[in-house]
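Notes follow once the structure below has been shown.
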Amino acid sequence: MTESKPVVLAVDDTPSNLDLLNAVLSDDYKVKVATNGEKALELASREPRPDIILLDVMMPGMSGHEVCEQLKQNPETTPIPVIFVTAMSQTEDEQLGLALGAVDYITKPFNNDIVKARVSAHLSNYEKTRELIRENRALRDGKGNAFTDFDEDTLLALIAKGEGDSVEFKSTLRWNLHADRSDKSIENACLKTVAGYLNTDGGTLLVGVDDDGQVIGLGNDHFKNEDKLLLHWVNLVKSYLGAEYIPYMRSIIKNAGDQRVLVVECLPSTKPAFFKRDNDESFFVRMSNTTQALKASESVAYIGEHFAPGKKADSTAAKNASLPPNDEPASKSGDAAERRPEKDPEDSSLSGWINELMKRQVIRTAVIYFVVAWALTESGTMVAETLDAPGWVRRAIAYSFIGGFPIVVLLSWLFDIRVMRERTRASSLSRKRTLWLVGILAFLSAVIITLFTLYGQ
């Protein structure tokens, strides 16, 4: 950035809005204005190019989303920060804008101080990263730091080449095709691939293409529409990688034959990207055609060499990194659950299974219910005998306990499964085995309590 004022390009089809933005920003910045998308693209491509763009969404002709998409396809305008300034205040609108490469979102009517603060903050970030972006561009073996304009022929040709160092296929974004259910391990596989691209030399993730290169489309993920899928993906990136990495990737849905495919193109990041989920933080890089997690010491060394200011990024560092023998490559399939052991290996023996089972809420609930219900049943029976109640009253007391036991245990089991899903990557106790045990416990308890109660009468 030169000593002259930074250039702000304000784009809005309402002249009064442009006048207001100009009044707010003109003291500190040189403000250019455009009243339509075509003019905005022209000004953005003309020297001196803007240092930041404030872009309205709802405009006649070319919308703000279309303008942003074209800006991110142009090698010269890709790095320019884009802030959407619009009356569309729904969260989904904001997420869609971020998915297209915008760095922020301001709703109308806007607060003058907020506009100033947002512009200043993003210009500061842009200044800090611009030199590193230029350095990376020179080192990327002609790849450049611009997103690819994936027309259908280009996309089909990329798929035909198959997976490689910078291309990976995933059948789905969230759906486990084998289990026929949503599975966060599938999401994790996609996120880890993207993290690996960000930390290495960039690359492209194609969702809706199986391992054999067959285009199967996006229908298997069971989203209501493509916007929902795209917004879900943006949420995943923001939650588990960080919103600051969105400018380094472009997520867009494209035609591939008679199907549609999610194309996630990633540029090499200027700072390390960590995958954070379930109280775990991991650092991933690309090694050949797989995504690998580095140990703490390896991550420190890699980050120091690859991301340190003033040093050139060595694109072969990831390939030469040494991994422990028991590290497994990330899953290559979008429909295969990715697993990487972080604790002691699972004990699949009966004793190990029982030890693991005893930690579960279902067992604790069963024991507590058994003791409390038994005491209540005995008390109820004694009261019934004291009052000389008919036999059916006594049996009803016993049967209410018998009937309530499996219901309470089953509800506890369902709660336990939900907790296990949220807090662990993979439970060593299968749902099927748990259900069998719950059934056996309920049946044996019913028989024992029935016999004791009826014989006691």
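State all residues of segment 42-72 that are under 19 Å from ILE252 (Cα atoms), in contact with a strand residue (DSSP E or B) (Cβ under 8 Å, 6 or more places away or on another chain) and of a type outside the set (Val, Ile, Thr); if no residue qualifies, say none.
GLY64, CYS68, GLU69, LEU71, LYS72
I'm trying to understand the selection: among the residues of segment 133-165, which are surrounded by 15 or more Cβ atoms within 10 Å (Cβ to Cβ) and modelled with pLDDT of 55 or more?
The answer is ALA146, PHE147, THR148, PHE150, LEU155, LEU156, LEU158, ILE159, GLU163, ASP165.
Pick from ALA40, ALA23, ALA34, ALA44: which is without any contact (Cβ under 8 Å) to a residue 24 or more places away in the chain and not assigned by TED's automatic domain parsing to the domain that holds ARG250?
Just one listed residue meets the conditions, ALA23.
Is it true that some residue in segment 245-255 is more than 17 Å from CYS68 (Cβ to Cβ) and crowded, with 22+ Cβ neighbours inside 10 Å?
For segment 245-255, residues more than 17 Å from CYS68 (Cβ to Cβ) and crowded, with 22+ Cβ neighbours inside 10 Å: absent.
Please tell me if GLU265 is surrounded by 18 or more Cβ atoms within 10 Å (Cβ to Cβ) and more than 21 Å from ARG181 (Cα to Cα). Walk me through how you get there before you give the answer.
Details: surrounded by 18 or more Cβ atoms within 10 Å (Cβ to Cβ): yes; more than 21 Å from ARG181 (Cα to Cα): yes.
Taking the combined requirement at face value, the residue satisfies it.
Which residues, counting only those in segment 175-209, are over 18 Å from LEU229 (Cα atoms) and assigned to a loop (DSSP other than H, G, I, E, B)?
Selection gives HIS178, ALA179, THR200, ASP201, GLY202.
Take the residues in segment 173-186 that are touching a His at 6+ places or on another chain (Cβ under 9 Å) and either within 17 Å of VAL234 (Cβ to Cβ) or free of Cβ contacts under 8 Å to residues at least 60 places away in the same chain (or both), then tell me which one is surrounded by the fewest Cβ atoms within 10 Å (Cβ to Cβ).
To start, the set of residues in segment 173-186 that are touching a His at 6+ places or on another chain (Cβ under 9 Å) comprises 173-175, 182.
If we keep only those that are either within 17 Å of VAL234 (Cβ to Cβ) or free of Cβ contacts under 8 Å to residues at least 60 places away in the same chain (or both) too, we end up with 173-174, 182.
On the way: LEU173: 25, ARG174: 22, SER182: 14.
Checked segment 173-186; the qualifying residue surrounded by the fewest Cβ atoms within 10 Å (Cβ to Cβ) is SER182.
Kindly indicate which of ASP12, ASP28 is surrounded by 18 or more Cβ atoms within 10 Å (Cβ to Cβ) and over 20 Å from ALA243 (Cα atoms).
Being surrounded by 18 or more Cβ atoms within 10 Å (Cβ to Cβ) and over 20 Å from ALA243 (Cα atoms) holds for just one of ASP12, ASP28, which is ASP12.
If you take the residues of segment 253-277 that are hydrophobic (A, V, I, L, M, F, W, C) and farther than 17 Å from ARG174 by Cα, which of them is modelled with the lowest pLDDT?
The extreme case among them is LEU267.
Using the structure shown, decide if LEU241 is of a type in the set (A, V, I, L, M) and either within 22 Å of THR91 (Cα to Cα) or surrounded by fewer than 22 Cβ atoms within 10 Å (Cβ to Cβ) (or both).
The answer is yes for LEU241.
Filter segment 36-68 down to residues that are crowded, with 18+ Cβ neighbours inside 10 Å and not hydrophobic (A, V, I, L, M, F, W, C) and give me whichever is nearest to VAL11 (Cα to Cα).
ASP56
Regarding segment 226-235, can at least one residue be identified that is among the acidic types (Asp, Glu), over 18 Å from GLN292 (Cα atoms), assigned to a loop (DSSP other than H, G, I, E, B) and touching a residue at least 40 places away in the same chain (Cβ under 8 Å)? Spell out the reasoning first.
Taking segment 226-235 and keeping what is among the acidic types (Asp, Glu), we get 226-227.
When the remaining residues are screened for being over 18 Å from GLN292 (Cα atoms), the result is 226-227.
Within this subset, residues satisfying the condition of being assigned to a loop (DSSP other than H, G, I, E, B) are none.
No.
Return only the number of the condition from (1) closer than 25 Å to ALA293 by Cβ; (2) modelled with pLDDT of 90 or more; (3) within 17 Å of the chain's Cα centre (by Cα) that ILE246 does not satisfy.
Tallying (1) closer than 25 Å to ALA293 by Cβ; (2) modelled with pLDDT of 90 or more; (3) within 17 Å of the chain's Cα centre (by Cα), ILE246 fails exactly one: (2).
Need the failing condition index for LEU71 against (1) outside any helix (DSSP H, G or I); (2) buried (at least 21 other Cβ atoms within 10 Å of the Cβ), just the number.
Among (1) outside any helix (DSSP H, G or I); (2) buried (at least 21 other Cβ atoms within 10 Å of the Cβ), the lone unmet condition for LEU71 is (1).
Can you tell me which residue in segment 273-290 is surrounded by the fewest Cβ atoms within 10 Å (Cβ to Cβ), limited to those that are part of a strand (DSSP E or B) and free of Cβ contacts under 8 Å to residues at least 60 places away in the same chain?
Out of the qualifying residues, it is GLU281.
The values are calculated or read from the model by the stated rules, or taken from the named source; none is laboratory data. As the structure is a prediction and not an experimental result, all values here were calculated from the model. Don't worry about glycine lacking a Cβ; one is built from the backbone with ideal geometry, like all the others, and counts go over all protein chains shown.
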